[in-house]
Structures are given as structure tokens and as C-alpha cells.
Amino acid sequence: MKGKTILVLTGGAIAALAAAIAVSYVGDGAAGENVSPTPGRNAELIDRGAYLAKLGDCAACHSIPGRPAFSGGLKMGTPIGAIYSTNITPDPTNGIGRFTLADFDRALRYGVAEGHSLYPAMPFTSYYNTKPEDVRALYAYFRYAVAPAEIPNRASDIPFPLSMRWPLTYWRWLFASKPTSFTAPAGLDGLQAQGAYFVDGLGHCGECHTPRNLFMQLKAVGRADGSQYLRGAVIESYFAPSLRSSGVGSLRDWSEEELVEFLRTGANSRGITFGSMSDVIIHSTQYMTEDDARSTARYLKSLGSPEQVGQSFVYDATSHRALKTGDASAEGAMVYLDNCAACHRPDGRGYERVFPALAGNPVVEAGSPDSVISIILQGSTSPRTAAAPAQFTMPAFAWRLSDVEVLQVANFVRSSWGNRGTQVKLQDVGRLRPGFMPR
Amino acid sequence: MTTPRKLKPVDAVIIGFGWTGAILAKTLTDAGLHVVALERGPARDTAPDFEYPRIADELRHGIRGELWQPLASETVTVRHAVNDTAVPYRKYGSFVLGNGVGGAGVHWNGMLWRASPEDLRFRSHIQERYGKHFIPPEMTIQDYPVSFEELEPHFDHFEKVCGTSGSAGNLRGTLRLGGNPFEGPRSDEFPTPPLPAIHAAQLFEKASAQLGYRAFPLPAANSSAAFTNPYGVRLGPCNLCGYCERFGCFLYSKASPQTTILPVLAARPNLEVRTGAYVTRILQDSSKKRATGVLYVDANGQELEQPADLVVLSAFQMHNVRLLLLSGIGTPYDPSTGTGVVGKNYAYQMCGITTAFFSEDTHINPFIGAGAAGLRAIDDFNSDHYDHSKVGFIGGATIYAGATGGRPIEQMLLPPTSPRWGAAWKAAIRRHYRHSAPVTLQGTVMSYRDRYLSLDPTYKDKYGIPLLRITFDWHDNEYRMAAYTASKMEEIVRHMKPQTQATLLLKPGNHYDTRIYQSTHTTGGAIMGSNPASSVINRYSQSWDLPNLFIYGASAFPQNIGYNPTGLLAGLAYFSADKLKSSYLKSPGPLVSA
């Protein structure tokens, strides 16, 4: 009796599964892709496409050092095994040389290529709103201006049956935004709307800065979706800070001008980029036109909800006074003096665009301490850009500081000089200290 | 050895990737040339090589010299006189040689002086002021074939590249309080203000003023503020950590090629830097009128030929001279006849030190220090800034106060009467460490007929190639210079009111001793002049023999100055680089007719 039930249940499950697989192969709602005529070799269009490819930061995943541009091969870890970015050069066999404009659009905005669903590591979930004329420009660039590379794509390391892609189709149906041409959210002026187009589209800012839920979909894809939108999220061992202008650890105290400077150089008087944002600066935002950078900044600055703007950071000289007079009795103060103060100074103000200020720095004050802890453990190197050729490196301290010392100094910097960071827990340090690092 | 593999020709090859190599690499790649830089040592950058706190390790860097050229592979030999037999310099003492990308520009202190206007026409100046016969016949000093006014814009530019901190003493001809009153007119202020004087320098400043001397902040390539140089490269500010000399800077504030020029070269597709490349010869065509490239041994021991249209020789002073001699370029200098030019006019510096030992309520705290920033100097007794008619010598010294740090091995100052070991030594260290301060003189050394560089007949490097031989000892002129300037230094120290003071100074009878650090400012051997009979290069640093060979560095100095050499040698390099851009690259050939 019992055995029979199991058999029936198993049979039912197999039937349902088969049906699910079958359904995933038909009726994919990929209608509406760009079917305008194939663009010709138009220099202006190609230039625009090259610029948009930079804004979209295609190179971040599709180009790796030492190999032809856009020939793919970047290894990206997932919980079920590594996947590899693909060759998007116009090579007809290995790349996208046989793609029509509609095929290209389907991959870019719908997440479907050659009949199967793409892993959402490809941010089609953000690219979905790219304007048709911009899709054409991108297509023209990849078709005519990128050199074909005969480098085959590498299969993922994900074992069967997890390697089956059909569930991705369901994921896409359930979670990805319906591809559409960008329309400005209500209430934005022209410049803000231009910024929103970048932030929500090719810029795919939310892919890191908006938190995800259980099924890995973004909790918000636009400002209309509420407070989760761009409010900061943990990504790998860092916390991608809030891009909103409300509350502690947000961009509240950053001016539009400072945001423009940050996007184009990776640094401003308030901070220096770190983690994977450095790559974004190097490959993408340093190339932004003044106009695009400004519109992005203006849009982001419009994201402060008036009711929760909160207090501006106010510098408090108490910690500086104590350190200056030789009082290192505060927990973590001695660790700070021995390891940090040479560059960040006892007043926590650092040196503009060399060693970032810790006082009032939203990364230091953020709700999540992950970035502070990871930077202490791993160090950080500023990006080299055309506008800022000097690179500054903070060395790693994992070899030198115990978990308790990291905890103490992280708490010290998060609570000194007026900073309003919450207490760090010892297990946070343990969680972020990778296995290869000495303890 | 098998026939060297011939590589693809390039527009220019640079030998040695320190200060002048970096300056020329920038100039030539700016002009669109395809350039290969060959550096014998390893690649080096602030991160990870100079990272805090590992860099602040005196035993590893200050004593064992991990950043220096390993003497076991190649060194020099030294003898005092023409008929002596030279022996190898096996252990660092008298001077230290840089190695790797950045060269000696990594481990210098950052004392960034210009030459005085009269230094550049020293022979003429002395003869005009004191008469034709004032210069003794054995003293072979010469004029530079380039004037202070011509070099000034290039001094100024290099100071800006370095984020130099200081205070102008002569701004476009107007003397200004707080700067060096003896300097030539500057076209602009220093790019960053001076750091406040450290305590020893404050006491020196006060004592100097009492005696009527005018102390000023020592010009420091230790930036005092976060500063963006003309190439867009940002430097950090100096925090007086005390680890300049013999170390790389972890704060990005001491100017080095790494912190000022190399960041803009990093992504240039027309520059390739090959490290571990030991150049053994500059090649010439059969007519000996043109350099055709260089021969070098790579890190794997492979011998390679790098053909090039333009050869830039920008290694350390001694290595420049050795490579010319090994390559058979120019006539080697012969001290018996005074003819020939390669190796001629080797000179050095003579230094002295007076240490002030204060009572325990004077807190010197020597660990607060920098290579140059925070120090104070006087220039009253250098060059020909004072009347030499009665003093019995030519030249002089800068005198400056303050330690460059308070390192535990070499910067523990003790009175000569203190025991050198044991409990009494420890007690003396405890008593004096925080309460003592050095005042230093850095003096000129003239050039002489019997002081020169040549190839050693016996000793060879690890590839079996002859070492460079130094023939050098002090002359009476220098002992007298040191005695005179030291008397001034001691007088200043007395006015600083220490409990006791002690002077270390070379006296007649003290031979040149390679075991004792003097300075790394060795000069000459490939000197600059107005004609090929008396010099190796012309005013544009171009070889008289091979017009497509340019030679940079202190090897160009006809005699030595009482300043650190980097400002002058960088000024000469930029002056030459300008001419390369404006003339030579458009129409290669001799820039001065012989």
C-alpha cells in the first residue's frame, strides 16, 4: 500500500516535471523584440554602440585580461558550480556572428539565446528597458567593430541534473521584468529621466545595490517599487552601499558634484571606490560623458524620501582629542593607532583622494559592516583611470590582526568621530575571513 | 656563449629604469616612439613592495639592503692611488647602489636641491673672482655647457612632478624671507608648503639666526600635502615616519618614479619594461658613428640583442661609465697624460657630523623624521656663497639639522665615551636616544687629474665581464673645506645649547674608507662639456661619439656640488628631453657641432 502510494506520487511528479520542461520550451513570451532592419556600417551608430557597451560594462564579464576582447571565459561562481561568460565577438561559430538584430535583442533584453534561457548573471533583468535605437547601436558595434575571436565557449561546471536550463525559463517568467522600451518614471525632469535610464538599464546598478530575495530576484527594479530599491546589498564579501539619499550610510551627504567626480574617477573628497565597483569605474563609468554622469548623479540624489532623510553626519572631535593626547584606552584605539592612523590619521579624516576619510564615510557607517571588515582583512586598491592614474593600495591586515582585533578596530572606526555604525559581531569577522587567510 | 638572439628593432632602448630612465620613457612615448626599457633588477611598486609595516624593517632594508644591487653579482673595485691594486667593494658602506624599477629613486631621502648658478660655471666663476691661478693645476674642474637660466624651467617642472615641499628664497629675483637666500631665481614657488620643523631643526634654526645665518626648510621631495602633479598623478602627504633613506615610501609621499611618472606609463602600449635585463654592451656600427642597439642577458641567462635607433643610457653614474668602457665608446681617460675622457673627473662628497647631546628635558624624539621634510638647512658656506680668497680651498658644504629618522640600528646616537655594548650601553641608549640630534655637513669634492674610473684588470662580474675600478682618495682642498665648514657647524651646535657635543670629521691622513657611509652621491666619468676633447657628452646629454646615444645621471657632473644630485641630474634630463622633442626626433643628428 505504502509502496504503491510512493509509486503513484513519483509517477505524478515525473509527469509534472515532463510537462514543466515541455512548457518551458514553447510559448516563451519573447515577442516584441527588435525587428527593425539590420543596421549597416554606420560610423556614428558604431561609436554610439561602443559607448553604450562601456556604459553597460559588457567587458566586465565578457573580456578577461590576456585574451581577445569580448571572447568570454570569465569564471563566475554559483552555489551549484561555476559558469563561464560567453564569446560575444562576431565569430560565426563561437560568437554571435550569426545573430540577427532580433536574436541580439532577445539575448540582451529577454535573456534568451539560441533557444535557451540565460543565467541571470547576464543582467537582462536590467537591460530589459534598453531603447530600440540603443539596441541597434550595440548590435552595430558588436557586429562591425569588435574583432571576431575563434575561442569556443566553455560549458558550465554545474553537474546534471542541476545543469538543465529549463527552470531558468520559469525563473525568468516569474521574476524578470517584461522587456519594454524605457519610459521615464513620473515626476522626473529630463536630466533625472536620463539618469534613471542608465541606473535602471545599461548601468544595471541595482544588480549589486538592490537586495535580492530568496529566489535571487531583485526586490525592486525601479523607484516606484519602494524603499528596497538601491538601498544597498551584500555582494560577495562586501556591502554595496545604499545609493539613496536618506539615512545613515546613504549618499545623503554627497553632493551631485561629488557623485559625478566619483563616477568618472573612482574617488572624491569623501571616499575611494573598492571591491567590484573598481572594475565598474575602470571599464565603464570613467568613460561616461559629463552629461550622463551628471544625469545619473541627479537621479540618484532624487532618491531621498523626505520623511526619512535623517540627520547629516556631524563630526565629533572627542576620539581625535583622545588619540592626540595619547589616550588609547578606547577599545580598538590602540589597534587603530598601530595599523591605520598613519594614513587615515588620528582625526579619521585621511587625505583627500589618497587615503579616504573614515569619519562620515557612508561605507564605514553602513548598516552592514561587511565592507569595513573585508577591506581590513583583504586591503583594497584604488582603480587606475585616465583621470586618476595614481593607484593607492591599502595593504591586507588578515596576516597581522586576529578576529578580535579586527572586531575591535572595525567597531572603533564605526563609532568614532561622530560615526553612527552599529556594533560588529565576532562571527561577522569569522564569516568574512576566507579560509585561505591566516587566523 | 652562443650567438645572441636578435630581437625585433625598436625606436628607442632605455638602459636603467630609475629617475632619468622614467623621464625619458615618458618623453619618448609621448612622442609616439616604441620604447623598450631594460632594468637589471626586479619590478617594484609601492604595493606590495613598500607596504606598511613590512617596509619599516631596518635590518632587512637598511642593513641587508634588499632594495639594493646585490654586490655578489656585480660590484666595483676601489684603490686610493694610480699605482695601488684595487680590491672589490664586497659589503655596503660608503655608498649604496639602487636596483630594480625606480633605481636609487626608491631609497633616496628626497633632498631635492637645485645647483647654485655659479656651480654650473664653476671654473670660470672662480677664475673671475679670485684670478686665473687660484685653481691648482691638478684640479681639473670645468664649467657645465648649460646655464642655470636654461635649466630653471626644468628644475621647476621636476619639483612639481615630485610635489616638492619648501619655501622659495628667491622668487623671480626678489629675495624672500624663509627660503634659501643663495639660490638662483625661481620662476615659481614650491608646489607644496614646507612641513613644520622637527624639534632638532627648530633649535638649529634659532641658533643659526643668533649667528646671523639664514636657515630655511630643506627642499623636500616629500610632499607635505595631498598633491596632483602635472601628469595627473596624485601623491600622499608625508607623516614623518622616519623611513625614507634606504626604504621605499609606503605613504606615496616621497617622490620616486613609482609615485610620480610610472603611473601614467603603466598602460602605454608603446612602452615595454623588461626587468632582470642586464645590459653588457652598447653596440655600434662598423664606422663607430652610430649606436645600433644593446646586448643584454635576460633573467634566464639568455643573451639577447635589442636593436634600436636611439639608445638612452640612464643607469647609475658608475654603471654608465662602465658600460661605455665595456662598449669601447669614446677614449678612456689616461691619468698619466690627462687625455681621454671616459672615466675622467670622478668625484664624491665629503661629509661630517656634529651630534648634540641634550639634557633629558629637551625632547628631540628622533623617530619623528623624514628624508628631507621637517629639516632645516643653511647654504651660507656652500659653493662660492662666501669669500674663499683667504680660506685656502675651493667649495663648501650645506649644513642641515635633524635626523632622517630614529632607527634602532644606525640612528642611535651616543657620545664617543659611551660603552659600545652591555648594560652600560643600554643605559646610555636609554639616556640619549630621545635627547640627541645630529647636524650634518655635506661638502663638495673637486675633480682631480689622478681621480678617475677605469676597468679593473683582475676582478669580474658573474658573467666574467670586468668590474669598474674607482681610483679615489681625498685631497687637501677637501680636508680644509671640511675643517672650515665643520667649525661653523660646531659653532651653531654650541648655540643649540646641548650638554655635550661630538664631531665626526675626516682629517688629513684619513684615507677614503669604503666601510663608512659618506654619501651615495658619486659623480663624473661621463662628463658634460663644450667640446669632445674634454667631455663625453654635450649640453643636451648627447654623446660626442655616437649622436644617437644619450647619457643621463650624475656621471655628467664635471665635479661635485655640496647638494644632493637628483635635482640637477633631473634638470639636465628634462633639458635634454625638451631638445629631443623639439629637434632631435624631427631630424636626428649631432645637436652641437664638435
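The values are calculated or read from the model by the stated rules, or taken from the named source; none is laboratory data. All values derive from a computational prediction rather than experimental measurement. Backbone-built Cβ (ideal geometry, glycine too); neighbour counts: all protein chains shown.
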**Message:** Which count do you get for residues in segment A:144-169 that are touching a strand residue (DSSP E or B) at 6+ places or on another chain (Cβ under 9 Å) and not aliphatic (A, V, I, L, M)?
**Reply:** 8
**Asked** Of the conditions (1) within 20 Å of B:C238 (Cβ to Cβ); (2) part of a loop (DSSP other than H, G, I, E, B); (3) of a type in the set (G, A, S); (4) within 14 Å of another protein chain (Cβ to nearest Cβ), A:G326 fails just one. Which one is it?
**Response** (1)
**Prompt:** Could you say whether any residue in segment B:149-158 is in contact (Cβ under 8 Å) with a residue 12 or more places away in the chain and outside any helix (DSSP H, G or I)?
**Reply:** no
**Request:** Tell me which residues, restricted to segment B:206-261, are among the basic types (K, R), touching a residue at least 40 places away in the same chain (Cβ under 8 Å) and buried (at least 24 other Cβ atoms within 10 Å of the Cβ).
**Result:** B:R246, B:K254
**Request:** Considering only residues that are without any contact (Cβ under 8 Å) to a residue 24 or more places away in the chain and more than 20 Å from the chain's Cα centre (by Cα), look in segment B:56-83 and name the one that is farthest from B:A370 (Cα to Cα).
**Result:** B:N83
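When only residues in segment B:451-471 that are part of a loop (DSSP other than H, G, I, E, B) and touching an Asp or Glu at 6+ places or on another chain (Cβ under 9 Å) count, which is surrounded by the fewest Cβ atoms within 10 Å (Cβ to Cβ)?
Residue satisfying both the conditions and the ranking: B:K462.
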**Complete:** Checked segment B:253-289 for anything farther than 29 Å from B:M111 by Cα and within 12 Å of chain A (Cβ to nearest Cβ); matches are B:A267, B:R268
**Request:** Mind checking which strands (runs of 3 or more DSSP E) fall wholly inside segment B:262-380 and carry at least 3 residues that are more than 20 Å from the chain's Cα centre (by Cα)?
**Result:** B:271-275, B:278-284, B:291-297, B:303-313, B:350-357
**Request:** Specify which of the listed residues (A:R353, A:R414, A:R384) is touching a Ser or Thr at 6+ places or on another chain (Cβ under 8 Å), buried (at least 18 other Cβ atoms within 10 Å of the Cβ) and under 28 Å from A:Y287 (Cα atoms).
**Result:** A:R353
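Among the candidates A:R431, A:R420, single out the residue that is away from chain B (no Cβ under 12 Å), without any contact (Cβ under 8 Å) to a residue 60 or more places away in the chain and either over 24 Å from A:N268 (Cα atoms) or surrounded by fewer than 24 Cβ atoms within 10 Å (Cβ to Cβ) (or both).
Criteria check complete, one pass: A:R431.
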**Asked** Mind checking whether some residue in segment B:488-502 is under 26 Å from the mean Cα position of the chain (by Cα), crowded, with 20+ Cβ neighbours inside 10 Å and part of a loop (DSSP other than H, G, I, E, B)?
**Response** no
**Prompt:** Where residues in segment A:84-123 are in contact with a Leu (Cβ under 8 Å, 6 or more places away or on another chain) and crowded, with 24+ Cβ neighbours inside 10 Å, which of them is farthest from A:C205 (Cα to Cα)?
**Reply:** A:G111
**Prompt:** Are any residues in segment B:344-389 aliphatic (A, V, I, L, M) and buried (at least 24 other Cβ atoms within 10 Å of the Cβ), and if so, which ones?
**Reply:** B:A347, B:M350, B:A356, B:I364, B:A370, B:A372, B:A373, B:L375, B:A377, B:I378
**Complete:** The condition from (1) assigned to a helix (DSSP H, G or I); (2) of a type in the set (S, T, Y); (3) surrounded by 17 or more Cβ atoms within 10 Å (Cβ to Cβ) that A:Y170 misses is numbered (3)
**Request:** Take the residues in segment A:396-416 that are touching a Lys or Arg at 6+ places or on another chain (Cβ under 8 Å) and not in a helix (DSSP H, G or I), then tell me which one is farthest from the other protein chains (Cβ to nearest Cβ).
**Result:** A:S402
**Request:** Among residues belonging to segment B:315-340 that are of a type in the set (S, T, N, Q) and in contact with a strand residue (DSSP E or B) (Cβ under 9 Å, 6 or more places away or on another chain), point out the one that is nearest to B:P466 (Cα to Cα).
**Result:** B:S327
**Request:** Would you be able to say whether some residue in segment A:382-395 is within 14 Å of chain B (Cβ to nearest Cβ), closer than 30 Å to B:L265 by Cβ and not in a loop (DSSP other than H, G, I, E, B)?
**Result:** yes
**Item:** One residue from B:F250, B:F190, B:F204 being of a type in the set (F, W, Y), away from chain A (no Cβ under 14 Å) and part of a loop (DSSP other than H, G, I, E, B)
**Value:** B:F190
**Prompt:** Any chance segment A:356-373 includes a residue that's within 14 Å of chain B (Cβ to nearest Cβ) and either touching a Leu at 6+ places or on another chain (Cβ under 6 Å) or crowded, with 23+ Cβ neighbours inside 10 Å (or both)?
**Reply:** yes
**Asked** Pairs under 6 Å by beta carbon, first residue closer than 13 Å to B:I282 by Cα and touching a residue at least 24 places away in the same chain (Cβ under 8 Å) in segment B:543-565, partner surrounded by fewer than 24 Cβ atoms within 10 Å (Cβ to Cβ) and of a type in the set (D, E), six or more apart or different chains?
**Response** none
**segment B:108-148, residues that are of a type in the set (A, V, I, L, M, F, W, C), without any contact (Cβ under 8 Å) to a residue 40 or more places away in the chain and under 20 Å from B:H475 (Cα atoms)** = none
**Asked** Restricting attention to segment A:336-355, and to residues there that are of a type in the set (G, A, S) and part of a loop (DSSP other than H, G, I, E, B), which single residue is nearest to the other protein chains (Cβ to nearest Cβ)?
**Response** A:G350
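Please specify each residue of segment B:99-143 satisfying the condition of being in a helix (DSSP H, G or I) and hydroxyl-bearing (S, T, Y).
Passing the criteria: B:S124, B:Y130.
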**Asked** Regarding B:F216, is this residue within 11 Å of chain A (Cβ to nearest Cβ) and modelled with pLDDT of 95 or more?
**Response** no
**Asked** Of (1) in a loop (DSSP other than H, G, I, E, B); (2) within 14 Å of another protein chain (Cβ to nearest Cβ); (3) among the aliphatic types (A, V, I, L, M), B:A197 satisfies all except one. Which?
**Response** (2)
**Asked** Residues in segment B:219-247 that are facing chain A (nearest Cβ under 7 Å), assigned to a loop (DSSP other than H, G, I, E, B) and basic (K, R): how many?
**Response** 0
**Prompt:** How do the helices (runs of 4 or more DSSP H) wholly within segment A:242-313 filter down when requiring 2 or more residues that are touching a residue at least 24 places away in the same chain (Cβ under 8 Å), of a type outside the set (D, E) and over 24 Å from A:P395 (Cα atoms): which remain?
**Reply:** A:256-265, A:290-301
